[in-house]
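K.L.:
Pasting a structure below so you can have a look.
The values are calculated or read from the model by the stated rules, or taken from the named source; none is laboratory data. Please read all numbers here as calculations on a predicted model, not as lab measurements. All Cβ positions, even for glycine, are placed from backbone atoms using ideal geometry, and neighbour counts span all protein chains on display. What goes into the accessible areas is simple: the full protein's heavy atoms, side chains included, and nothing from ligands, DNA or RNA. Shrake-Rupley method; radii C 1.70, N 1.55, O 1.52, S 1.80 Å.
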Amino acid sequence: MSESNNLYIYNSLRKTKELFKPLNPPFVGLYVCGPTVYSDVHLGNVRSFLTFDVVYRYLTYLGYNVRYVRNITDVGHLLNDSDDGDDKIEKRARLEKIEPMEIVQKYTNGFRDTVNQFNLIPPSIEPTATGHIIEQIEMIERIINNGFAYEVNGSVYFDVKKYSEKYNYGELSGRKIEEQLEQTRESLEGGQEKRFFADFAIWKKASTETIMKWDSPWGIGVPGWHLECSVMSTKYLGQKFDIHGGGMDLKFPHHECEIAQSVAADGKAPVRYWMHGNMLTVNGTKMSKSLNNSFLPHELISGDHPLLEKGYTAMTVRFFFLQANYKSTVDFSNEALKAAEKGLKRLMSGIETLNQLETSENSTIDINLIISKSTQSLNDDFNTPMAIAHLFDGVKMINSINVEKDTISVSDLEQLKKHYSSFVFDILGLTSEENNSSDDELPNDLMEIIINLRNQSKENKDWSTADLIRDKLKKLSIYIKDAKDSSTWEYEK
RNA sequence: GGUUCCGUGGCCGAGUGGCUAGGCAGUGCUCUGCAAAAGCAUCUACAUCAGUUCGAAUCUGAUCGGAACCUCCA
């Protein structure tokens, strides 16, 4: 637990690793931008949420009491800020000819199922935008009262120009609005409601056809997208909280706007540590629905996709992601996924071996090396690939003990078991996949009979029968693995 | 065009001034009736050019190539 003082987090705001000191230890506030539930989450989204799942898990492991808030955006995510900007969910509802709230429910369910498959721990609070309309209206009022927003024709816009006179709009993304102004001047002359190109809607007037809409001091409308995160993070974590996470692509404008809104409303920069996860790419290009290069999780698992050679389990994919740093892009490929599949297997069988290790008087190996190095890796901005590398070094040790080249003491073994259990299962969130095909006992019993028959043939040196059984099973995708005095089997499609 | 970032061995990916991760594949070996599986060992490297330095993949500059954001996106 002494390591809990040594966690460094890369803070996107200052572009440097900083020692993590919670505002009110042992409590930690963690906010992560959740999905807009208008379509299926794809693998790139999963990667992002996985990054913060590990952050949450590790903070918890370190003994912090983490309140983890991840929102569901169920209204207000406009296609754009122009006058005819449409709500994503409304649009989808019209396409599918169902209620917007049915869309929300359908894709919220899908999101939770998916995230569950990848063994992500549910957040402490999962608030929705529609559940916080009143708070959003109140925040808009505070912003207006402080002079940082204006109303035009039933919509309210954040006054970026005014804000940047007093504060630094663009400090997170490194943007300078003066410079941007020159390039974007043309798009200003469209007779829009906005006074300034960088202004963004915090309340948007609703058309008569719109189904999801609310009354407000400015008329019937919907809240702006950026606003919900400001409101919900403030409500559940306070005006100032520890960590805010999200994908790189949210840095601008979304997170920049969040900062501006909070400062404009309450005079405080809300977030102490900003964390941004990088993108999943396919052939070097960001995975996105519009490019037709995204995988849905079930396609990945079944392998039913033109870019996939075969199916991969959710755990393989989880491990694959963890073998890369969250701040780097990771490029999808069949080869890399296959490598991850085997690597994960090696790690897991190492743990199995660990649990069956015989102990000796003394240890000839230094388990503290493995423990401290893998801990240091995670303390270094959640460096999971490095931690995994050290865990593999440990597997080498474990195997060496197993073949009696090295020895381990009782207390060392206990410690090592505990460490692997914590790191692999609790922090990295990997699970040993269900062995063999099912919980059903029949296949297991049948296989036992077959294997016994084959072993009898082997004892009688009847190799042709033994090989025949092996070959026939292989055709059914059942693989026999002979060990010294026993045989195991594995079903792999 | 602006902002930010990247280019590491056959592949994936750490490292960020000297001690040259790890996984997968390859090769050799052990085990084995054979094969597979498993284990052990091991090879191939830092985009290019110039500079700083006793010393650079690591710092600086230039060049080439790639990406993300600047418009909805995790």
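K.L.:
Show me the ranking of peptides A:354-367, A:32-45 by mean Cβ neighbours inside 10 Å, starting with the highest.
P.N.:
A:32-45, A:354-367
K.L.:
Would you work out the Kirkwood radius for region A:292-338? I mean one over the mean of 1/r across all pairs of different Cα atoms, in Å.
P.N.:
Result for region A:292-338, one decimal place: 11.1 Å.
K.L.:
While we're looking at this one, here's another question. To test your reading of the geometry: what angle, between 0 and 90 degrees and rounded to tens, separates the Cα axis of helix A:334-355 from the longest principal axis of chain A?
P.N.:
Approximately 60 degrees, to the nearest ten.
K.L.:
While we're looking at this one, here's another question. If you bin every alpha carbon distance in region A:9-277 into 10 Å steps from zero, what whole percent lands in each bin?
P.N.:
Binned Cα distances yield the sequence 7, 29, 36, 23, 5, 0.
K.L.:
Using the 2.2 N^0.38 Å rule of thumb for compact globular proteins, work out how region A:281-427 stacks up: its C-alpha Rg over that value, please.
P.N.:
So region A:281-427 has a normalised radius of gyration of 1.23.
K.L.:
Using the per-residue mean of other Cβ atoms lying within 10 Å as a proxy for protection, in what order, highest first, do the peptides A:317-323, A:221-227 fall?
P.N.:
A:221-227, A:317-323
K.L.:
Same structure, new question: Starting from the 7 Å offset along Cα-to-Cβ, what nm value, one decimal, do you get for the label separation of A:ASN6 and A:ARG346?
P.N.:
Going from the A:ASN6 label point to the A:ARG346 one covers 2.7 nm.
K.L.:
For chain A, just run the numbers: alpha carbon Rg, then divide by 2.2 N^0.38 Å, N being how many residues it has.
P.N.:
1.17
K.L.:
Would you mind pulling out the separation of the Cα centroids of region A:248-268 and region A:128-168, in Å?
P.N.:
Between the Cα centre of region A:248-268 and that of region A:128-168, the gap is 12 Å.
K.L.:
Continuing with this model, one more query. Ignoring ligands, DNA and RNA, what accessible area per residue does region A:441-491 give at 1.4 Å, in Å²?
P.N.:
Each residue of region A:441-491 exposes 77 Å² on average to a 1.4 Å probe.
K.L.:
Students often get this wrong, so check it: of A:LYS162/A:LYS268; A:LYS176/A:LYS205; A:LYS162/A:LYS240; A:LYS91/A:LYS205; A:LYS106/A:LYS240, which have C-alpha atoms separated by over 25 Å?
P.N.:
Long pairs (Cα-Cα over 25 Å): A:LYS176/A:LYS205; A:LYS106/A:LYS240.
K.L.:
Right, here's the next one. Starting from the alpha-carbon convex hull of region A:349-425, give the projected area averaged over all orientations, in nm².
P.N.:
Taking a quarter of the hull surface, the average projection is 4.5 nm².
K.L.:
Could I ask something else about it? Rounded, prolate or oblate for region A:313-387? Axes are the square roots of the Cα gyration tensor eigenvalues, ordered a ≥ b ≥ c, and the cut-off for rounded is a/c under 1.5.
P.N.:
Because a/c hits 1.5 or more and a/b fails to exceed b/c, region A:313-387 counts as oblate.
K.L.:
How much accessible area per residue does region A:9-277 have, in Å², with a 1.4 Å probe?
P.N.:
42
K.L.:
Follow-up question, since we're still on this one. Nearest 500 deg cm²/dmol is fine: what mean residue ellipticity at 222 nm does chain A get from its DSSP H runs of n ≥ 4 alone, each adding -39,500 (n - 2.57), divided by its residue count?
P.N.:
Here the helix-only value at 222 nm equals -14000 deg cm²/dmol.
K.L.:
Could you compute Rg(Cα) / (2.2 N^0.38 Å) for region A:237-323, with N its residue count?
P.N.:
1.49
K.L.:
Calculate the FRET efficiency for A:LYS289 and A:ASP215 from the Cβ-Cβ distance with a Förster distance of 41 Å, rounded to the nearest 0.05.
P.N.:
It comes to 0.75.
K.L.:
Mind checking the angle between helix A:410-420 and chain A's longest principal axis? C-alpha axes, 0 to 90 degrees, to the nearest 10.
P.N.:
Compared with the principal axis, the helix lies near 40 degrees.
K.L.:
Quick check for me: using +1 on Lys/Arg Cβ and -1 on Asp/Glu Cβ, what's the dipole size of region A:295-412 about its Cα centre, in debye to the nearest 20?
P.N.:
240
K.L.:
Could I ask something else about it? For region A:280-288, just list the computed ³J(HN,Hα) in residue order, Karplus coefficients 6.51, -1.76 and 1.60, θ = phi - 60°, integers in Hz, with x standing in for Gly and Pro.
P.N.:
Along region A:280-288, the couplings run 8, 10, 10, 6, x, 10, 3, 5, 8 Hz.
K.L.:
At 0.36 nm per residue, minus the direct Cα-Cα distance, what do A:SER400 and A:LYS338 gain on full extension? Give it in nm, one decimal, please.
P.N.:
Value of the extension gain: 19.7 nm.
K.L.:
With a 1.4 Å probe and all protein chains left in place, how much of the accessible area of chain A comes from carbon and sulfur atoms, in whole percent?
P.N.:
In chain A, the share of accessible area belonging to carbon and sulfur is 48 percent.
K.L.:
To the nearest 10 degrees, how steep is helix A:463-475 against the longest Cα principal axis of chain A, on a 0 to 90 scale?
P.N.:
Approximately 10 degrees, to the nearest 10.
K.L.:
Between region A:208-226 and region A:1-62, how far is it from one alpha carbon centroid to the other, in angstrom?
P.N.:
The distance from the Cα centre of region A:208-226 to that of region A:1-62 comes to 33 Å.
K.L.:
Sticking with this one: Quick one: accessible area per residue over region A:281-427, 1.4 Å probe, rounded to a whole number of Å²?
P.N.:
47
K.L.:
Could you tell me the distance between the Cα centroids of region A:97-116 and region A:227-247, to the nearest Å?
P.N.:
The distance from the Cα centre of region A:97-116 to that of region A:227-247 comes to 23 Å.
K.L.:
Can you give the Kirkwood hydrodynamic radius for region A:83-155, in Å, rounded to one decimal and based on Cα pairs?
P.N.:
Taking the inverse mean of 1/r over all distinct Cα pairs, region A:83-155 comes out at 15.4 Å.
K.L.:
Something else about it: Apply the a/c threshold of 1.5 to the C-alpha gyration tensor of region A:358-479 and tell me whether it is rounded, prolate or oblate.
P.N.:
prolate
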